[in-house]
1. When you go through Gly24, Gly50 one by one, which is the residue that is at pLDDT below 95 and at positive phi?
2. For Leu122, indicate whether it is outside the structural domain of Thr260 (by TED's automatic domain parsing), of a type in the set (A, V, I, L, M) and either under 17 Å from Cys166 (Cα atoms) or in contact with an Asp or Glu (Cβ under 7 Å, 6 or more places away or on another chain) (or both).
3. Can you work out which of the residues in region 11-62 that are part of a helix (DSSP H, G or I) and among the β-branched types (Val, Ile, Thr) is farthest from Thr289 (Cα to Cα)?
4. Mind checking which residues of region 95-124 are in contact (Cβ under 8 Å) with a residue 12 or more places away in the chain, among the small types (Gly, Ala, Ser) and surrounded by fewer than 19 Cβ atoms within 10 Å (Cβ to Cβ)?
5. Answer with yes or no whether Arg170 is in contact (Cβ under 8 Å) with a residue 12 or more places away in the chain, closer than 21 Å to Asp224 by Cβ and surrounded by fewer than 22 Cβ atoms within 10 Å (Cβ to Cβ).
6. Among the residues of region 66-87, is any among the hydrophobic types (A, V, I, L, M, F, W, C), loosely packed, with under 15 Cβ neighbours inside 10 Å and either farther than 30 Å from Thr338 by Cα or at pLDDT below 95 (or both)?
7. Having 2 or more residues that are over 18 Å from the mean Cα position of the chain (by Cα) is the bar; report the strands (runs of 3 or more DSSP E) wholly within region 105-201 that clear it.
Amino acid sequence: MRDRRMVDLFAGPGGLDVAARRLGIPAIGIEWDVNACETRRKAALQTMRGDVRLFEPSRFKEATILAGGPPCQTYTVAGNGAGRRALDTVLSFAKRMAGGEDVTSDLRMLADERTGLVLEPLRWALMALQAGHPYEAVLLEQVPAVLPVWKAVGEILEEKGYSVACGVLRTEEYGVPQTRRRAILIARLVGKAVLPTPTHRPYRKGVSRSKGDPKLSPWVAMDDVIERPEPFVVVSNYGTGGDPKARGRRYSTEPAATVTGKVSRNRVVSLDGAELNRFTHAEAGRLQTFPIDFPWAGRDVAQQIGNAVPPRLAIHALAAALDIGGDVLDEALSETATWRETLWRESKAVSAVESRHLLGVTA
């Protein structure tokens, strides 16, 4: 089996890449957004800037793992809904792709071009199979509304010899201090695909985190990862439909609500209602489980953070996809190492030029 290398489609600022790095897997991401690419550059994450649709697996010859989190704006409840309305059409395109059809021009005719991007990982997986170099594992992530697409992609991959597992995971059940739900697909060419086993208890409003399965750790609260001198309350617009009267509230002793691109607009107040400083980029990143010193850069950083895959969830999912456990997984999940320390350790092992060569990227 080839050494493990990962290519990450729609890589954003690097949630999946940070996870791969923690697990000792070289990764390269494809990302078109100039701001996310600036963050990736500062974080020393290998990047090819451009439109995923203009790339093919043959440019990443040594990659054995395909990962990706396509844009969610047309599927999320906070978006314009074009993806949800076009779901049946997208599913029909997937079936045509499985039959060998090129649906590129049809996908570009959708009301919102971003809707069809969820099928790019399928295109890559099918092309790799056709070339005789199938991916060892495939890991895909999106909002829950995309689960029907992942199921359709999974059925196609199963027909091609993969074992597939997909479902909706709750991030707080994997140690993320945030109640975010994500549709995950894991496919394995060898062995049985399974979703990662939860390590933490689910959050229930009004229920103490000491309650629940004693075999699981308590869910993680905001004040476990954010150091502030006093307790606080976050007033969020998430799930309100824009209605100010419906704004949700989470205490610092609870997990955050879903972190979105509007995280910098959330009010942070004291227990008696006094206005406090809003979340810094570093604090918002911590709610997504990025290292405290992760070098956010470029413009619209809040949007980058909200769009990212939580690295801790990605570590669990990648480990499940690759059957990684024991000390390697425990070390990857450790919160002790800063990002600077991670880069320093890696700089002693392989240079950026060497890692580019090892990934087999061609100009």
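The values are calculated or read from the model by the stated rules, or taken from the named source; none is laboratory data. No experiment lies behind these values; they were computed from the predicted model shown. Quick reminder, even Gly has a Cβ in these numbers, built from the backbone with ideal geometry, and neighbours come from all protein chains shown.
1. On the way: Gly50 fails: at pLDDT below 95.
Answer to the selection: Gly24.
2. Details: outside the structural domain of Thr260 (by TED's automatic domain parsing): yes; of a type in the set (A, V, I, L, M): yes; either under 17 Å from Cys166 (Cα atoms) or in contact with an Asp or Glu (Cβ under 7 Å, 6 or more places away or on another chain) (or both): yes.
Yes: the conditions hold for Leu122.
3. Start the filter on region 11-62 by keeping residues that are part of a helix (DSSP H, G or I), which leaves 15-22, 34-42, 52-54, 57-59.
Next, from what is left, pick out any that are among the β-branched types (Val, Ile, Thr): 18, 34, 39, 52.
Numbers: Val18: 10, Val34: 23, Thr39: 16, Val52: 26 Å.
Across region 11-62, the extreme among qualifying residues is Val52.
4. Ala98, Ala111
5. Details: in contact (Cβ under 8 Å) with a residue 12 or more places away in the chain: yes; closer than 21 Å to Asp224 by Cβ: yes; surrounded by fewer than 22 Cβ atoms within 10 Å (Cβ to Cβ): yes.
Yes.
6. Of all residues in region 66-87, those among the hydrophobic types (A, V, I, L, M, F, W, C) come to 66-67, 72, 77-78, 82, 86-87.
Subset that is loosely packed, with under 15 Cβ neighbours inside 10 Å: 77.
Those left that are additionally either farther than 30 Å from Thr338 by Cα or at pLDDT below 95 (or both): 77.
The answer is yes, given that some residue of region 66-87 is among the hydrophobic types (A, V, I, L, M, F, W, C), loosely packed, with under 15 Cβ neighbours inside 10 Å and either farther than 30 Å from Thr338 by Cα or at pLDDT below 95 (or both).
7. Numbers: elements: 137-142, 163-170, 181-188.
Ranges flagged: 163-170.
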